[in-house]
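The values are calculated or read from the model by the stated rules, or taken from the named source; none is laboratory data. Every value quoted in this text rests on a predicted model; they were computed, and no experiment measured them. As a convention, Cβ positions derive from the backbone with ideal geometry for all residues, glycine included, and neighbour counts pool all protein chains shown. Quick note on the areas: whole protein, heavy atoms, side chains included, nothing else; ligands and nucleic acids left out. Shrake-Rupley method; radii C 1.70, N 1.55, O 1.52, S 1.80 Å.
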Amino acid sequence: MTTTFLALSKVRNIGIMAHIDAGKTTTAERILFFTGVSRRIGEVHDGAAALDFLKQERDRGITITSAATTCHWTADGAEHTINLIDTPGHVDFTIEVERCLRVLDGAVTVFDGVAGVEPQSETVWRQADRYGVPRICFVNKLDRAGADFHRCVEMIRERLGAVPLVTQLPIGSEDAFEGVADLVSGQAHVWRDDRYVVVDVPSRMAEDVRRWRAALAETVAEHDEEFMELYLSGAEPSREQLQAAIRRLTVASAVTPVLCGSAFKNKGVQPLLDAVVRYLPSPLDVAADATAAPDDGAPLAALAFKIMSDRYLGRLTFVRIYSGRLVSGAPVLNSVKARKERIGKIYRVHAGDREEIASAGAGDIVAVMGLKRTTTGETLCDDAHPVILESMDFPDPVIEVA
Ligand code: GDP
């Protein structure tokens, strides 16, 4: 059993939000599949092997329905831990959506590239606004007839009142949609022969890329003083400078980067993972908003946000730890009920398997066994330092998982 000390700056607690049918499930599956592949078969982003892997995971009962699934992604030379939190997609479950929004630090909003911004996308967008969740947008299904990336960007601006930041351009359209040109790095990411390859932007798009990168830099400068100085000096911003400024603005919810792809056809998914790591906040970035400091050494403060019934393990309580460490076997106080509980086994849930861990620290999301009285929305804390994290008065359905 391992005791993990996560480098908080390398953690992303994210959810995927979407209108029903926009491709949330497909996107989540592809994320788990590419992250699983990169972890288990090294850096070989091989499509055939990846599809095999996905099939195996399916056969074993992929835990895509888990309240939180942990995966890993290496971008810019550093491995990051991504806790993918399941946010229910159906409008009837808005209370559940809100409960999940409370525990995530950032989100990917998926849009159908043909339908654009749909009424339910507006509902989930407003909810995320209410909780101040920084977002990146993924315009999906660009392989479909009638898909229009730029129309969707305009709908994001007009219907959602957001400041969309076009950070990618689609390469080709509909049947001929090949992948994405990243305006920040100036590189193209295409899916060819069952694998992702990074290539030069096609020469026919060079002028478009130059123009859209200039527009991107201008919008960033309008919103970021530090970048504005650089912009006014007339120097061409480097990839690092542009990336850092986009991150600052996204974390502050001042802009929302817009990416594109076709999850179903595996296009744009790896660049989306890069963007999650590059632009969405870590638990440290959002610390100012949390009731408790994200510090392993501080007294425990954790929020139970979902209860699931696991076929093998029984009742599992998913908790987000805001500060301190959650230790297997340790007594804790449920401050809402004013009752003591004992932490049983602690698990990190991956796609297709579970890893028992001895303890977990601030910023992390894990599943806990043995909590008999704790329901969702309740705080677990140190007996000596009682604290109640933002209280939530939600029903507590128990959901069956495989
Ligand atoms: P959810 O309701 O948002 O979870 O959507 P799903 O992921 O279940 O996708 C809804 C439907 O759209 C399914 O039939 C998917 O196969 C299909 N789909 C998802 N992504 C794409 C895509 O990129 N291109 C196309 N053509 N179809 C897609």
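Worth a mention:
- The order of R315, R213, R348 by accessible area, most exposed first and with a 1.4 Å probe, is R315, R213, R348.
- Ordering of 26-33, 73-80, 184-191 by burial proxy (mean other Cβ atoms within 10 Å per residue, highest first): 26-33, 184-191, 73-80
- Rolling a 1.4 Å probe over the protein heavy atoms gives the range 95-160 an accessible area of 32 Å² per residue.
- Mean Cβ count within 10 Å, highest first, over the residues of peptides 156-167, 264-275: 264-275, 156-167
- Protein heavy-atom surface of the range 129-229, 1.4 angstrom probe: 44% of the accessible area is carbon and sulfur, with nucleic acids and ligands not counted.
- The range 284-355: relative contact order as a whole-number percent, Cα under 8 Å and 6+ apart: 23 percent
- Working value for the range 181-283: equivalent-ellipsoid semi-axes of 25, 18, 10 Å, each the square root of 5 times a Cα gyration tensor eigenvalue, largest first.
- Relative contact order (%) - the range 195-269, alpha-carbon pairs under 8 angstrom, separation at least six: 17 percent
- Solvent-accessible surface of the range 198-283, taken per residue with a 1.4 Å probe and all protein chains present: 45 Å².
- These residues, S9, S282, go from largest to smallest accessible area, 1.4 Å probe, as S9, S282.
- Rg over Rh for the range 328-393 works out to 0.98, using Cα positions for both radii and the Kirkwood form for Rh.
- Computed from backbone phi, the HN-Hα couplings of the range 233-247 come to 5, x, 6, 5, x, 6, 4, 5, 5, 5, 4, 5, 5, 4, 4 Hz, rounded to whole numbers (Karplus: 6.51 cos²θ - 1.76 cosθ + 1.60, θ = phi - 60°; Gly and Pro given as x).
- Backbone HN-Hα couplings from phi across the range 9-20 [Karplus 6.51/-1.76/1.60, Hz, Gly and Pro as x]: 5, 9, 10, 10, 9, 10, x, 10, 10, 6, 5, 4
- Overall Cα dimensions of the range 269-377 - principal axes, largest extent first, Å: 43, 34, 23
- Taken over the range 73-175, the convex hull of the Cα atoms encloses 125 Å³ per residue.
- Volume per residue of the C-alpha convex hull in the range 155-227, rounded to whole Å³: 118 Å³
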